[in-house]
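A.B. asks: Mind looking over this structure? Questions follow.
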Amino acid sequence: MTINLKVWNVRPYLLNDFGSQELETNEEIALFATTQFGVDFSLLAKTRVRGRDQHPLFIYLTTQGPVDKKVRYNFEKFLVDRTGKVIARYSSDVVPLSEEIRADIERTLAFPA
């Protein structure tokens, strides 16, 4: 099965919870991502994924998925199905288009909408 990535909604949340690694403003981050990595999709504003000010989405993702834990580091990924159910969670060291993620996407697509 070939995955049409255009049907997937990639939502990259920028965060600064791990050693203040992000640039100061959302505009600086967007310019860096575009010029250094060729990012051609919109980036969301910096978001808190841990602690008292944790964004509600990350409260949901970290408590409803197969693993109930806080976000450990940058580039952690969540696969959410059409109904909003967290199907899988991947650590930072899993490559975004790895076989593991592709297989999970294919299994998710196999279920009717």
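A.B. asks: Is it the case that the stretch 81-96 has a residue that's basic (K, R) and under 28 Å from T34 (Cβ atoms)?
C.D. replies: Taking every residue of the stretch 81-96 in turn, at least one turns out to be basic (K, R) and under 28 Å from T34 (Cβ atoms).
A.B. asks: Next question, about the same structure. Could you please find all residues in the stretch 49-71 being of a type in the set (K, R) and either surrounded by 15 or more Cβ atoms within 10 Å (Cβ to Cβ) or touching a Lys or Arg at 6+ places or on another chain (Cβ under 7 Å) (or both)?
C.D. replies: Listed by number, the residues that qualify are R50, K70.
A.B. asks: Might you check whether a residue that is among the charged types (D, E, K, R), within 27 Å of R48 (Cβ to Cβ), modelled with pLDDT of 85 or more and out of contact with any Phe, Trp or Tyr (no Cβ under 7 Å at 6 or more places or on another chain) occurs anywhere in the stretch 83-96?
C.D. replies: Taking every residue of the stretch 83-96 in turn, at least one turns out to be among the charged types (D, E, K, R), within 27 Å of R48 (Cβ to Cβ), modelled with pLDDT of 85 or more and out of contact with any Phe, Trp or Tyr (no Cβ under 7 Å at 6 or more places or on another chain).
A.B. asks: Sticking with this one: Does the stretch 60-99 hold any residues that are of a type in the set (V, I, T), free of Cβ contacts under 8 Å to residues at least 24 places away in the same chain and assigned to a loop (DSSP other than H, G, I, E, B), and which are they?
C.D. replies: V67, T83, V94, V95 - these are the residues of the stretch 60-99 that are of a type in the set (V, I, T), free of Cβ contacts under 8 Å to residues at least 24 places away in the same chain and assigned to a loop (DSSP other than H, G, I, E, B).
A.B. asks: If the requirement is being under 20 Å from T47 (Cα atoms) and of a type in the set (S, T, N, Q), which of these qualifies: S92, S98?
C.D. replies: Step by step, each of S92, S98 is checked, and only S92 is under 20 Å from T47 (Cα atoms) and of a type in the set (S, T, N, Q).
A.B. asks: Does D40 count as modelled with pLDDT under 85 and either basic (K, R) or touching a helix residue (DSSP H, G or I) at 6+ places or on another chain (Cβ under 8 Å) (or both)?
C.D. replies: Against the criterion (modelled with pLDDT under 85 and either basic (K, R) or touching a helix residue (DSSP H, G or I) at 6+ places or on another chain (Cβ under 8 Å) (or both)), D40 qualifies.
The values are calculated or read from the model by the stated rules, or taken from the named source; none is laboratory data. None of these values were measured; they are calculated from a predicted model. Neighbour counts run over all protein chains shown; Cβ positions are idealised from the backbone, glycine included.
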